[in-house]
Structures are given as structure tokens and as C-alpha cells.
Amino acid sequence: MKRIFILGISMFACIIVLNAQPSPTTEMKELKNQEHLLRKEKRQERKELRKENRDEVSNLSKDQFYADFGDVKATWRRSDYFDEATFLNQSGVATTAYYDENFKLVGTLNIVDFSKIPSKAQVFIKKHYPGYHIDKVLFFDDNENNDTDMFLYGQQFDDEDNYFVELSKGNSKTILQVNTSGYVYFFQ
């Protein structure tokens, strides 16, 4: 009986000791998470430094623009996060191209007609926002080869193609985000 009791206590102690040690996978996950957070923090610091130190549009952004769009006349400006080139696209529509801190195209933005958004979204907006006037509809065409998130209306959003519908009713202004599948989200 003593042997069974001592054997049971010994097994219990071994189980406790084995479970108390962190598994290598847990340590690896924690290490990777810390590395990810550190890289993210450094990236943000670099962005802030560039933002403070760069008031002028980069020639590298201009060079990349000409590589992307050809010899097109553009008006350039520097915003908080991007170099912006406004130009007429091949269809003659005013378009703005956004370039990130690595001088890569984030995407383009232009004004489109309300009829261009998916019909599912048109029906939803007309039903849920009666009496609102449609002021403007913007289409953001994301560069799928760049993971940089876009800032629009002072807010960051995921890098994917989206429509932004500006509505007004009296003094009230609303901005809706519509994805290419026709789902509507409140943006601002």
C-alpha cells in the first residue's frame, strides 16, 4: 500500500514538473510576437521620422509614377503619409495616385458616378438613407502588390478596392464605405 501511495505521489510530482516547463512552441510564439511588435514599432518610428523630415515630394516617387503611368503631366503634393500625384488618366478622368514612404504606389482615387457602385449597395443606400443627397462618390483602386494601408478622410482602412459615398442631409454629413461585392459600411 505504501508503494502504491509513493508511486502515485511520484507520478503526480512528475506531471506537475513537466507541465510547469513552457513548451518550445509557446516560447517560439512569444518570441515571434515580440519580434513582430518590435518591427512594427520601428516601422512606425521610421514613418514618423520621414513625416517630420520630408516636406517635399520625393523624386523617387515621381520616377515611380512615370514608370507606372508613363509621361503624364501631374500636380504633386506631400500629405501626412503619402506623396500624391493628381493627373488625368487615359479616359480623361481626374485621378490621384498615392505613393508610400518606400516610393511604391498604394493606389489611385477618382470620382465616379453613383451608378458605378454595385446595385446591391445602391438599393441599400436608397432604402436606409432616405432624404440624403449624394454629394460625391470616390473609387479607391488598391495596388494589390503593396500592403500599405490607405488613409482617407483622416482614417486608415484596409488596402482593398472600395467606393466611398459622401451623403448629406441638412448639416449632417455621412461617409459610407462600399466594397466591390456591394456591402455597405459606415465609415465616418
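Values in this text are rule-based calculations from the coordinates and carry no lab data. These numbers come from a predicted model, not from an experiment. Glycine also receives a Cβ, built like all others from the backbone with ideal geometry; neighbour counts cover every protein chain displayed.
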Entries in K126/K169; K73/K173; K126/K173; K104/K136; K62/K173 that, when Cα-Cα distance is taken, lie over 25 Å: K73/K173; K104/K136; K62/K173
Inter-label distance for S181 and I134, nm, one decimal - labels placed 7 Å from Cα along Cα-to-Cβ: 2.2 nm
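How far, in nm, would the chain grow between K127 and V93 when pulled straight, counting 0.36 nm per residue and subtracting the alpha carbon separation? Walk me through the intermediate numbers first.
Details: separation 34, 0.36 × 34 = 12.24 nm, distance 2.98 nm.
Length difference between fully extended and current span is 9.3 nm.
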Along each principal axis, Cα extent of region 59-186, largest first, Å: 47, 29, 27
Linear extension gain, F114 paired with Y66, 0.36 nm per residue minus alpha-carbon span: 14.2 nm
Estimated FRET transfer efficiency when R0 is 35 angstrom, pair T86-N33 (beta carbons, to 0.05): 0.30
